[in-house]
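Every number in this text was worked out from the coordinates using simple rules, so none of it is lab data. Everything numeric here is computed off the predicted structure, so don't read it as measured data. In this analysis, Cβ positions are derived from the backbone assuming ideal geometry, glycine residues included, and neighbour counts consider all displayed protein chains.
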Amino acid sequence: MEIKWTPALKIGHAVIDNQHIELFSLFDEFVEGCAKERGKVSVVELYQSLKDYVEKHFRDEEALMASSGYPGLEKQKREHQKFQRQVSELGSTISRQGVTLIELVQMNKLLVNLLVNHVQDVDQKFGEYLRKTGGEE
Ligand SMILES: [Fe+2]
């Protein structure tokens, strides 16, 4: 399954939008890598890049929210933590037993939902806020 970022997911802030594009592409590489080489070292490496980038993205996003006085910051932080927990759980499953096909399918579904939901829903609200307050574009 291919996970593609589409312009419909734009929030209207160049830095955040570019990070989202990168996030989708890292996620896609990870899932592709899992499908091809289940249980191999490269899967762990791909996972690590994805995880690192998720952390960086959330940090940057939260910093931007804080500096623009976004009232939804606390809610967004909780969403981020939930997402990061899921990503960590995925990491421990992988290091414990590699990736089986069933997990691959489940995890794919789960992460697509989370990722799309994150960008489509929670981040969109922040985008709206920035537009209203003149933060960007
Ligand atoms: Fe985001």
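Cross-link partners for Lys51 among the lysines, with Cα-Cα distance under 19 Å and sequence neighbours closer than 8 places in the same chain left out: Lys4, Lys40, Lys77, Lys82, Lys109.
Remark: the stretch 92-100, residue by residue, has Karplus-estimated 3J(HN,Hα) of 6, 4, 4, 6, 6, 9, x, 10, 8 Hz, where x stands for each Gly or Pro and the curve is 6.51 cos²θ - 1.76 cosθ + 1.60 at θ = phi - 60°.
Compared with the dominant Cα axis of the chain, that is its longest principal axis, helix 14-36 is turned about 10°.
About its Cα centre, how strong a charge dipole does the chain have in debye, to the nearest 20, once Lys and Arg get +1 and Asp and Glu get -1 at the Cβ?
Roughly 400 debye, rounded to the nearest 20.
Mean sequence separation of contacting Cα pairs (under 8 Å, at least six apart), scaled by the length of the chain, corresponds to a relative contact order of 36 percent. Close amide H partners of Val99, meaning residues 5 or more places away or on another chain with modelled amide H under 5 Å apart, are Gly39.
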